[in-house]
Amino acid sequence: MSTAPLGAVSATEIIVSVAARELAGKGRVFAGVGLPTLAVDLAKRTSNPDVELIYESGVCGAHPAAMAEGIADSVVVSGAESVVSMSALFGYVLQGGNVDVGFLGAAQIDRYGSLNTSIIGDWDKPTVRLPGAGGAVEIMPNAGEIFVVMRRHDPSAFPAELDFCTSPSPVRARAAGDGIMPRGRGVTKVFTNLGVLSRQGPFDELELVSVHEGVTVDDVRAQTGWELKVADDLTVTAPPTREEIHLLRDVIDTVRLYLR
């Protein structure tokens, strides 16, 4: 399929298109609000029509007739295979090990995939107060793996140390030295405006596996708060196809809620 001219494609469209492709072959996906919602919608129309969508509001097997504008949007309920209580969703579906991919966003991420969605700055007097954990603190340890979308890739979003850890990675959980270790691998893919980062084992660091067209390794390293590893088989991201752009703009997000 032909690609759209890169000059006409936004960073958000690149992030979402690449993330949707990575959902090919995945079974159950727990979709967070924002860009994850856009990516799973695109994946269901392209790379993975059989993906089973789960939303935090208790909807399992969602078949939204239109783009969901939030986890409690009525479109995720209409036509869904089941709707359960949130306690059942988290207690049986998620903690029962029945989610393959948790798809999240974050304000900050560290080299091992711990996430911050709580505050920016000092705890007692933060510069920015964020929404907090939501379901991510349960999704992180219990989903088989975690995908994360980040609209921007810079040292404030990819710091050497998080301002606050909302959702700990397996590395951070192990370092705590008590409690039960997470069942999942933690973050395995991070999609940003510069490229794609990946982790293989639960205790590995993130490494750069793909850069978008026009971006260099030095560009990415300069915008990362730690010494970023680079994969030996680093690739250049395939740009969005015309079909992907058409679906995103003209079919899925026609009101430009997430595309910007």
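Every read-out reported here was derived from the displayed coordinates using simple, explicitly stated rules and does not represent laboratory data. These numbers were taken from a predicted model, which means no experiment stands behind them. As a convention, Cβ positions derive from the backbone with ideal geometry for all residues, glycine included, and neighbour counts pool all protein chains shown.
Placing +1 on the Cβ of every Lys and Arg and -1 on the Cβ of every Asp and Glu, with nothing else charged, gives segment 143-186 a dipole about its Cα centre of roughly 180 debye. Each Lys and Arg Cβ is given +1 and each Asp and Glu Cβ -1; about its Cα centre, the chain then shows a dipole of about 200 debye.
For segment 128-198, applying the loop criterion from DSSP together with a ceiling of 11 other beta carbons within 10 Å to the chymotrypsin sites (Phe, Trp or Tyr not before Pro) yields no site. Farthest towards the positive end of the charge dipole of segment 6-251, among the residues Ser198, Gly61, Pro49, is the Cα of Gly61, using unit charges on the Cβ of Lys, Arg, Asp and Glu.
For Lys44, go through the aspartates and glutamates and keep the ones whose alpha-carbon is under 13 Å away, minus same-chain ones fewer than eight residues off. Within the straight-line cut-off, Lys44 pairs with Glu22, Glu52, Glu244.
Cα centroid separation, segment 162-205 to segment 53-130: 17 Å. In this structure the amide hydrogen of Val187, modeled in the peptide plane, comes within under 5 Å of the amide hydrogens of Ile146, none closer than 5 places in sequence on its chain.
Taking θ as phi - 60° and the Karplus parameters 6.51, -1.76 and 1.60, the scalar couplings of segment 162-169 work out to 5, 5, 7, 9, 8, 10, x, 6 Hz in sequence order, x denoting glycine and proline. The residue list Ala238, Val171, Met140 was ranked by how far each Cα lies along the charge dipole of segment 6-251 toward its positive end, using unit charges on Cβ atoms, and Met140 comes out on top. So which lysines pass the test for Lys229, namely a Cα distance under 23 Å, with those fewer than 8 places away in the same chain ruled out? Here the lysines satisfying the reach criterion relative to Lys229 are Lys189. For the listed peptides 193-200, 123-130, 110-117, a ranking on the average number of other beta carbons within 10 Å per residue, highest first, reads 110-117, 193-200, 123-130. Taken one residue at a time, the phi angles of segment 120-130 give Karplus couplings (6.51, -1.76, 1.60, θ = phi - 60°) of 10, x, 6, 4, 6, 9, x, 5, 9, 9, 9 Hz. Gly and Pro are set to x. A crude spin-label estimate for the pair Arg45 and Arg260, with each label 7 Å from Cα along the Cβ direction, gives 2.1 nm. Peptides 177-186, 20-29, 37-46 ordered by packing proxy, namely the average of other Cβ atoms within 10 Å per residue, highest first: 37-46, 20-29, 177-186.
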